[in-house]
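What follows draws every value from the coordinates through simple rules; no lab data is involved. Keep in mind that what you see is a predicted model, and the values were worked out from it rather than measured. Backbone-built Cβ (ideal geometry, glycine too); neighbour counts: all protein chains shown.
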Amino acid sequence: MTITIEKQTDVYSRPNARFDQGGTLEIRASAVGNCRRALWYEATGHQVTNPRSDDSITMLEAGNALEPVVLRAMQRAGWDITATDRDNPQMVSLRLGPTLVVSGHVDAAGVAPIFGNEPSIVEVKTRGPEAYKKWRTLGAERSHPESVWQAAFYTYGAFDQARDLVIATLDTGNRVWDYEVIPAHRVERAFEQACARLGELAAHHLVNGPDPDVLPERDFAAEDWQCKPCPFLNACLPGSAAVSEEAENEPAGDTEPVSDDDARAALAEYEQAQEMLKAIEEDKAWALGMLRTWLGQRGEQKARLEGREKTRTVGMVKNTRYNVDHKRLNSMLDPEARAEIVTENVSHYLRVS
Ligand code: SF4
C-alpha cells in the first residue's frame with residue numbers, strides 16, 4: 001500500500017469510478033459503498049440511462065453547502081478544527097494494489113475539546129430527521145457503514161494507520177448536529193471490510209481488463225433503494241423503473257377508487273377533527289393544571305373528589321424515564337453487540353403535515 005497526498009483543483013465533480021491513463025481503476029472514497037456494477041458501468045464509459053433529477057441535484061448541493069456549517073458549529077463547541085480549503089482541497093490517494101486506487105477529499109481534521117490530543121479525520125454528513133435518528137440510535141457502522149468506510153480510507157490515507165475517527169452529522173430538518181467517535185480498532189475493521197469489497201472489483205478488472213461488456217455481479221436487486229436512483233438502472237434492470245412507477249401508481253388491492261374530491265373531503269374532515277382535538281387538549285391541560293394546584297395547596301399527593309358521574313381519585317403519579325446516551329453506547333460496543341441490544345421495529349402510518 002502506498003500513499004500520496006497531492007494538491008488538485010479537479011474538486012468535487014469527479015466520476016465515482018474511472019480508469020487513469022495507466023489503466024488503474026480509481027474509485028472515489030465517497031463511492032466505496034456504491035454498487036460495484038454501477039462503478040463498472042461508470043468507469044467503462046456506459047451511457048447514463050437514468051440521469052439525476054433537478055430535485056436530487058439540489059438536495060445533493062444543499063447537503064454539500066451545509067458541511068462548513070457543521071464544522072463551524074464544532075469549532076464553537078470547542079473542537080480544534082482544520083477544515084479543508086474547499087477551493088483548493090488536498091486529494092488523499094491510497095493505492096491498494098497494482099490496479100486499484102481510492103482517492104478523495106477529507107472534510108476536516110479535528111481535535112476533541114479538553115481531552116483530545118491528536119487530530120482525527122472528521123467526516124461530515126447531512127441527513128433528514130429520520131436518517132439522523134437512525135444514525136444516533138444504531139451508530140454509523142450499522143446505519144450508514146459506507147460513511148465509516150469512506151472516513152477509514154481518509155484516516156489511512158492521511159495518517160498511514162488506524163486512528164479514532166469522527167462522524168459529525170447535521171439533522172437538516174431540525175438543524176441540530178451531533179458526532180460519533182469510531183474507535184481505532186473498529187476503523188481498522190471498517191477499512192478491511194471496504195478493501196475486501198473493492199478487492200473483488202480489482203480482481204474482476206485483473207481477469208477481464210477494462211471490458212465494458214463483462215459486468216460484475218449486481219450488489220442490489222430492483223426493489224432495493226440503492227437501485228431506484230441508480231444512473232444505470234435501465235441498462236442494468238431494463239423495465240424495472242417503469243414497473244416500480246406503475247406499482248406506485250396502482251390502486252392498492254381491492255379497495256374502491258378514491259377520487260381527488262373524495263380525498264379533499266377527507267382532508268377537510270381531518271383538519272376539522274384536528275382543530276376540535278386541539279381545543280379539547282387545551283381544556284384538558286387547563287383543568288389538570290387547576291387540579292395540580294388544588295392538590296398542592298392541600299399538601300397531599302392524592303385526594304378524592306366528586307366528578308360528574310362518580311367520585312374520582314386525583315393524584316400525582318411519578319413517572320421515571322430512562323435516557324440512553326447513544327454516543328457513549330455506540331463508542332463502547334461493537335456493531336454486532338449493539339445489534340443484539342438495539343433492535344428495529346418498523347411500522348407504517350400516514351402523516352398529514
Ligand atoms: S441498478 Fe442496482 S444492481 Fe444495477 S448497477 Fe444500479 S445499483 Fe447496481
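Observations on the structure shown:
- Extension reserve of the Gln226-Val317 stretch, reckoned as 0.36 nm per residue once the Cα distance is removed: 28.0 nm
- For the chain, size of Cβ-based charge dipole, Lys and Arg +1, Asp and Glu -1, in debye: 1840
- Using 0.36 nm per residue and subtracting the Cα-Cα separation, the extra length available between Asn88 and Ala268 on full extension is 59.4 nm.
- The stretch 25-65-the stretch 157-195 distance, computed between alpha-carbon centres (Å): 22
- Distance violations [Cα-Cα > 23 Å] among Lys284/Lys318; Lys284/Lys310; Lys134/Lys318: Lys134/Lys318
- Farthest positive-ward along the stretch 2-245 dipole, Cα basis, beta-carbon charges - from Cys230, Asn174, Asn208: Asn174
- Virtual paramagnetic centre 7 Å along Cα→Cβ of Ala203, amide N under 16 Å, in the stretch 211-226: 215-219
- Sequence-distant lysines (8 or more away, or on other chains) whose Cα lies within less than 19 Å of Lys133: Lys125, Lys327
- Gain in span if fully extended, Asp260 to Leu333, counting 0.36 nm per residue against the direct Cα distance: 21.2 nm
- Selection from Gln301, Ala38, Gln272, by position along the positive dipole direction of the chain (Cβ): Gln301
- Check: the stretch 61-151 dipole with +1 on Lys, Arg Cβ and -1 on Asp, Glu Cβ, in debye: 340
- Helix 145-159 axis, angle to the chain major axis (alpha carbon atoms, nearest 10°): 50
- Degrees between helix 129-138 axis and first principal axis of the chain (Cα, 0 to 90, nearest 10): 80
- Anisotropy class assigned to the stretch 54-149 is rounded, per the alpha carbon gyration tensor with a/c under the 1.5 cut-off.
- Pairwise centroid distance, computed over Cα atoms, of the stretch 200-223 with the stretch 276-316, Å: 68
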